[in-house]
Amino acid sequence: MQAMIQRFGHANTVEAARGLIEELRTQLAAGTLDQDRLKDAIEQLPAAIEQHLQAGLSHSLRPVINATGVILHTNLGRAPIGDVALQHVAAVSRGYSNLEFDLATGERGKRDVHVNRLFAQLFKATGRELSTIVVNNNAAAVLLALNALAEGSEVIVSRGELVEIGGSFRIPDVMVKSGAVLREVGTTNRTRIGDYEQAISERTRLLLRVHRSNFQIVGFTEQPSLQELVALGRKHRIPVMEDLGSGELFDLREVGIHSEPMIVDSLRSGIDAVTYSGDKLLGGPQAGLISGEPELVKKIRANPLFRALRVDKMFYAALETTLLAYLREDYDAIPILRMMRASEDDLQQRADHVVRQLRISSPELEVEVVESRAPLGGGSAPGATLPSRAIAVRCPELSPDELMTRLRAWETPIIARTENDCVLLDLRTVEREQDTAIVAALQRVGTEASQSGATAPP
């Protein structure tokens, strides 16, 4: 017990001991413990206390293996951070840093400079001088921009763009919180540039385009181009803002996805301000980015909400390293781009290797390689998928749900999906070095299921 006090603290150890002893007293009072069972329970009490302490004082947030095939899985933390970025985060966070200190002048600086300079290089193709600031997510970026540019005034939005993102957050609700007044135009499926122009009044302060990132409208549809919106804004001296959501710096057409707009293309069209995420298609940490005309961004930054929504040194360190990888065209340093760029041949070879090992070591499992489709996820490119390969697993002694439960109980939980009465482990979202963990977990599951003789429910 003294060793446990040293590891877990005196108060925690005493509390755990008292709680377990009280449980024994309750069982005694209820007559559920005989002499022998009571003796065993007392002998096992130190071990039970240690187990209780370990469970209560261990990390709840844990790394998992994403074998679902969904690249930007919101429930699994969206974009993984690359090793080089994590090393920079550790180096900057371990001690002090020049977060808001100008090393050249020795005076106070601004935290924006660490990434603003990199975004400026990435956006050179637009032919414009642009500024970028960072807040904690894209919803915050939209809220801040609307409040700074249109509080108490009207913002014109197409009815077909009044989207709801994850967690039941809706654009109209964000607009209400910003203090701006929503002015809807057009219809769900068709909105023309004339609809915007007819709605403009002396109260109009902003034209807003919202990218429908998590659904599609197909068929009898119409939507004005960005160039038309920009021209209308210039005509009436009203800024135009676009909420891109995911935020694409890498050209996804290289991997066969053509439906997602690029940040550079929006800025090249003349849009005054664009908001987008850092932890989706950009492949960095959770962040909301606002890029646009320097004077407009300066006005947004001066808003008191900016201080409430800004991010700390760890986010800047991870984002800075991610942007440097883009500038160096080192796309394999960004995990989600590495996953998207993985070839079918490579995925097939890895899957074949895993299946060969399992067929030798775990004959009680039925395993095969199947073709799969991996969605981008995270509200990016709805409907677009990448070809992939998955390990299909059946265990006669276990139902698919039971098999997935056991995989989630592995030392590094493995998250898979079910399809056609079997468990699928899609390798597009599994790092190469994690293949061995999948093999080991399935071997253990197969062995335990075979030994227990469990029968799957009908």
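The values are calculated or read from the model by the stated rules, or taken from the named source; none is laboratory data. Source: prediction; values computed, not measured. Neighbour counts run over all protein chains shown; Cβ positions are idealised from the backbone, glycine included.
Which count do you get for residues in segment 360-381 that are farther than 19 Å from Leu244 by Cα and part of a loop (DSSP other than H, G, I, E, B)?
Within segment 360-381, residues that are farther than 19 Å from Leu244 by Cα and part of a loop (DSSP other than H, G, I, E, B) number 4.
Out of (1) within 30 Å of Leu424 (Cα to Cα); (2) surrounded by 11 or more Cβ atoms within 10 Å (Cβ to Cβ), the odd one out for Thr13 is which?
Evaluating Thr13 over (1) within 30 Å of Leu424 (Cα to Cα); (2) surrounded by 11 or more Cβ atoms within 10 Å (Cβ to Cβ) leaves (1) as the failure.
Taking Leu33 and the conditions (1) more than 38 Å from the chain's Cα centre (by Cα); (2) closer than 30 Å to Ala390 by Cα, which numbered condition does it fall short on, given that it satisfies the others?
Looking at each condition in turn, Leu33 falls short on (2).
For segment 124-157, which residues satisfy the criterion of being hydroxyl-bearing (Ser, Thr, Tyr), closer than 24 Å to Leu232 by Cβ and in contact with a strand residue (DSSP E or B) (Cβ under 6 Å, 6 or more places away or on another chain)?
Matches in segment 124-157: Ser153 only.
Any idea which of (1) touching an Asp or Glu at 6+ places or on another chain (Cβ under 9 Å); (2) under 23 Å from Ile334 (Cα atoms) is the one Ile271 doesn't satisfy?
Against the list (1) touching an Asp or Glu at 6+ places or on another chain (Cβ under 9 Å); (2) under 23 Å from Ile334 (Cα atoms), Ile271 comes up short only on (2).
Assess whether Ala273 counts as being within 21 Å of Tyr196 (Cα to Cα), touching a helix residue (DSSP H, G or I) at 6+ places or on another chain (Cβ under 9 Å) and touching a residue at least 60 places away in the same chain (Cβ under 8 Å).
When the stated conditions are applied, Ala273 passes them.
Against the conditions (1) within 49 Å of the chain's Cα centre (by Cα); (2) assigned to a helix (DSSP H, G or I), where does Leu28 fall short? Just the number, please.
Result: Leu28 passes all but (1).
Taking the stated definitions as given, is Val354 aliphatic (A, V, I, L, M), in a strand (DSSP E or B) and in contact (Cβ under 8 Å) with a residue 24 or more places away in the chain?
no
List pairs: first residue in segment 19-38 and farther than 20 Å from Glu50 by Cα, second residue modelled with pLDDT of 90 or more anywhere in the structure, Cβ distance under 6 angstrom, at least six positions apart or on different chains.
Sorted first by the residue in segment 19-38, then by its partner, the pairs are Leu33/Gln27.
Can you confirm whether segment 339-349 contains a residue that is more than 26 Å from Glu248 (Cβ to Cβ) and out of contact with any Phe, Trp or Tyr (no Cβ under 6 Å at 6 or more places or on another chain)?
The answer is yes, given that some residue of segment 339-349 is more than 26 Å from Glu248 (Cβ to Cβ) and out of contact with any Phe, Trp or Tyr (no Cβ under 6 Å at 6 or more places or on another chain).
So which residues in segment 109-123 are touching a strand residue (DSSP E or B) at 6+ places or on another chain (Cβ under 7 Å), without any contact (Cβ under 8 Å) to a residue 24 or more places away in the chain and not small (Gly, Ala, Ser), if there are any at all?
If the condition is that a residue be touching a strand residue (DSSP E or B) at 6+ places or on another chain (Cβ under 7 Å), without any contact (Cβ under 8 Å) to a residue 24 or more places away in the chain and not small (Gly, Ala, Ser), then Asn116 is the only one that fits.
Just the residues that are surrounded by 13 or more Cβ atoms within 10 Å (Cβ to Cβ), among the polar types (S, T, N, Q) and farther than 30 Å from Glu411 by Cβ, please, taken from segment 24-61.
Correct list: Gln27 only.
State yes or no: is Ser178 under 30 Å from His73 (Cα atoms) and at pLDDT 85 or above?
Answer is yes for this residue.
Any residue in segment 428-449 that is crowded, with 16+ Cβ neighbours inside 10 Å, under 15 Å from Val64 (Cα atoms) and touching a Pro at 6+ places or on another chain (Cβ under 8 Å)?
no
Is there any pair with a first residue in segment 432-444 that is closer than 14 Å to Ala390 by Cβ and a second that is of a type in the set (Ser, Thr, Tyr) and surrounded by fewer than 16 Cβ atoms within 10 Å (Cβ to Cβ) whose Cβ atoms are under 7 Å apart and which are 6 or more apart or on different chains, and what are they?
none
Residues being assigned to a strand (DSSP E or B), buried (at least 16 other Cβ atoms within 10 Å of the Cβ) and touching a helix residue (DSSP H, G or I) at 6+ places or on another chain (Cβ under 6 Å): count how many of those fall in segment 392-421.
Residues that pass the stated criteria total 3.
Filter segment 433-454 for residues that are modelled with pLDDT of 95 or more and either small (Gly, Ala, Ser) or under 17 Å from Pro335 (Cβ atoms) (or both) and give the result.
Selection gives Glu433, Gln434, Asp435, Ala437, Ala440, Ala441.
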